[in-house]
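Just so it is clear, none of the values below were taken in a lab; they were calculated from the coordinates. Just so you know, these numbers come straight off a predicted model, no measurement behind them. Counting neighbours? That spans all protein chains shown, and the Cβs are built from the backbone with ideal geometry, glycine included.
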Amino acid sequence: MGIALTREQVLALAPDESSAKAANGLVADSKWVTLGADDEAVWGECQGSGSNPYQAQVDLGALVSRCSCPSRKFPCKHGLALLLNYAQKNPRFAATTRPAWVDEWLASRRNRSERKAAVAETSKPADDPAAASAAVAKRESTRWSRIEAGATELERWIADQFRRGLARFGQEQRRDGVAMAARMIDAQAPGLAARLREALALMSEGAARQADVIASFGLLQLINEGVRRRGQLSAPRLADLRAALGWAADKAEAQAAGDAVSDQWRVLGQIITEPEAKLSERRVWLQGLASRRHALLQEFSYAGKAWDREWQNGAQYAAELRFYPGSVPLRAIAQTVSKVLTAVSWTEEDAETAFDAASQAFASNPWLAQFPLVFAAATPFRDGNDWRLHTAAGTLPWRVDEDSAWTLLAFSGGHAVTTMGEWAGNQLRLLSGWDDSGARWALETGE
């Protein structure tokens, strides 16, 4: 029945240590209202704090899970606990008829695979390559025209804010700004809309953030200039501009022609956010053992769809990465991935070297959203109402929620630990930390 799994193999799927620990606490038979399995899937209902149990299920062929709990981790603790029970050969897993909710999920997975195959088939180049190329060029030209019109309107709006004075920002200006952000969506420039909304949020915080507001408007104006002068930009800079505008990158092109780097990659840290309702974004940061190169695996999931692959913090994977183009190529696609069972020790760069690399990256691409920073020795501490991180290169403001800050402080015991986070140019968001013994802390993003 199904496949044989060991406890170690199941725990290797855990997104972080806290999930693995929580899963161990849910293995008890009394926690599970129902359990079932067949050759394709394993499923169960786990009693939680609510009146209805959580419905957890795992596709055994792909080891992809789904659960009705609100967690944004994949697999969640219920999916892990279900697989732990399965690995321990719980006798309640006798072959039985699948419930309708399991059948529907498996059917939807098959349908998605079939649709992808059909789209791939119908997306093959037309018999007339010249006609196909002309159609693509026409679509791009139409979108650029819309973006340019939107960028011109945004430029006028920004100029109006400076003429009026940022200190006079009020509800009327906020309504106009929200409407302008919606106009950027209509102009097919969602990246401009997102950056404008961030600037509006800063303006609402008052005079203390006016320098940040001015910097945000400056980057927006730089994008507007780039749109007008796009014909003069180099290919990497044009790729930067398209990314800043929110123009979806061509995954197939990156897979076929992207810069290929084969290495052993260590998972530095990861984060799951929800930029829009029902839309989740996962960012997984890697670093190559031989190349020392950083890489970002960025995925999006709608309505709880499972991620293509699970990555374990601190683990090492042998893989070929294909990088998307850009002045600072970070985003990549992982291919031919296999987990390295015997981890290789690493020597972390000093804090000043890490900051130099980040400074060069932002100088090369001013629209870069974030850059990974690893500090071999960093001490978290509370400074009044704010949290900061002390490193050999100085003290940094730390963007964090109170619960996560206190858990890292408890993990460190007030001592220096190795930390990794996303640096946005003026603020750090820590994603993970570890000590010499191998114990790990991870930012809680799902439970």
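Observations on the structure shown:
- Under Stokes-Einstein, with the Kirkwood radius over Cα pairs as Rh, the value for the range 1-159 at 37 °C and 0.692 mPa s is 172 µm²/s.
- For Lys31, a cut-off of 29 angstrom between C-alpha atoms picks up these lysines, skipping any fewer than 8 places away in its own chain: Lys21, Lys73, Lys77, Lys89, Lys278, Lys305.
- Per residue, the convex hull around the alpha carbon atoms of the chain comes to 178 Å³.
- Derived scalar couplings ³J(HN,Hα) [the range 149-161; Karplus, 6.51 cos²θ - 1.76 cosθ + 1.60; whole Hz; x for Gly, Pro]: 5, x, 4, 5, 5, 5, 4, 5, 5, 4, 4, 4, 5
- Against the empirical curve 2.2 N^0.38 Å, the C-alpha radius of gyration of the range 312-401 lands at a ratio of 1.34.
- Gain on full extension, evaluated as 0.36 nm per residue between Trp346 and Ala4 minus their Cα-Cα distance, stands at 119.8 nm.
- Applying 1/(1 + (r/R0)^6) with R0 = 30 Å to the Cβ-Cβ distance of Ala167 and Ala424 gives a FRET efficiency near 0.75.
- At full extension, Ala179 and Ser108 could sit 21.8 nm farther apart than now, given 0.36 nm per residue minus the alpha carbon distance.
- Straight-distance crosslink candidates among lysines, where the alpha carbon sits under 23 Å from Lys138 and sequence neighbours closer than 8 are dropped: Lys124, Lys251
- Over the range 351-442, relative contact order from alpha-carbon pairs under 8 Å, at least 6 apart, %: 27
- Loop trypsin sites (Lys or Arg not before Pro), the range 192-251 (other Cβ atoms within 10 Å of the site Cβ: 14 or fewer; DSSP): Arg229
- A cut-off of 5 Å between modelled amide H atoms, ignoring neighbours fewer than 5 places along the same chain, links Ser327 with Asp240.
- Calculated FRET efficiency for the pair Ala12/Ala377, C-beta based, R₀ 30 Å, to 0.05: 0.55
- Using just its DSSP H runs of length 4 or more, each adding -39500 (n - 2.57), the chain gives a mean residue ellipticity at 222 nm of -12500 deg cm²/dmol after division by all residues.
- Computed from the alpha carbon atoms alone, the convex hull of the range 129-244 holds 96 Å³ per residue.
- For the range 328-341, 3J(HN,Hα) per residue [Karplus equation, 6.51 cos²θ - 1.76 cosθ + 1.60, θ = phi - 60°, Hz, x = Gly/Pro]: 10, x, 10, 5, 8, 10, 8, 10, 6, 8, 9, 6, 8, 6
- Charge dipole (the chain, unit charges on Cβ, about Cα centre) - positive-most of Ser262, His390, Gly191: Gly191
- When each of the peptides 56-66, 344-354, 79-89, 210-220 is scored by how many other beta carbons lie within 10 Å of its residues on average, the order from highest to lowest is 79-89, 56-66, 210-220, 344-354.
- Spin-label model distance (nm) - Ser359 vs Ala257, 7 Å beyond Cα toward Cβ: 3.6
- Förster radius 45 Å - calculated FRET efficiency between Ala235 and His390, Cβ distance, rounded to 0.05: 0.65
- Reduced Cα scattering model of the range 250-340, Debye log10 I(q)/I(0), q = 0.16, 0.22 Å⁻¹: -0.64, -1.13
- In this structure the amide hydrogen of Val42, modeled in the peptide plane, comes within under 5 Å of the amide hydrogens of Val58, Leu60, none closer than 5 places in sequence on its chain.
- Inter-centroid distance (Cα atoms) of the range 372-401 relative to the range 352-367, Å: 18
- Label-point separation in nm, Glu148 to Glu444, each point 7 Å along Cα→Cβ: 5.2
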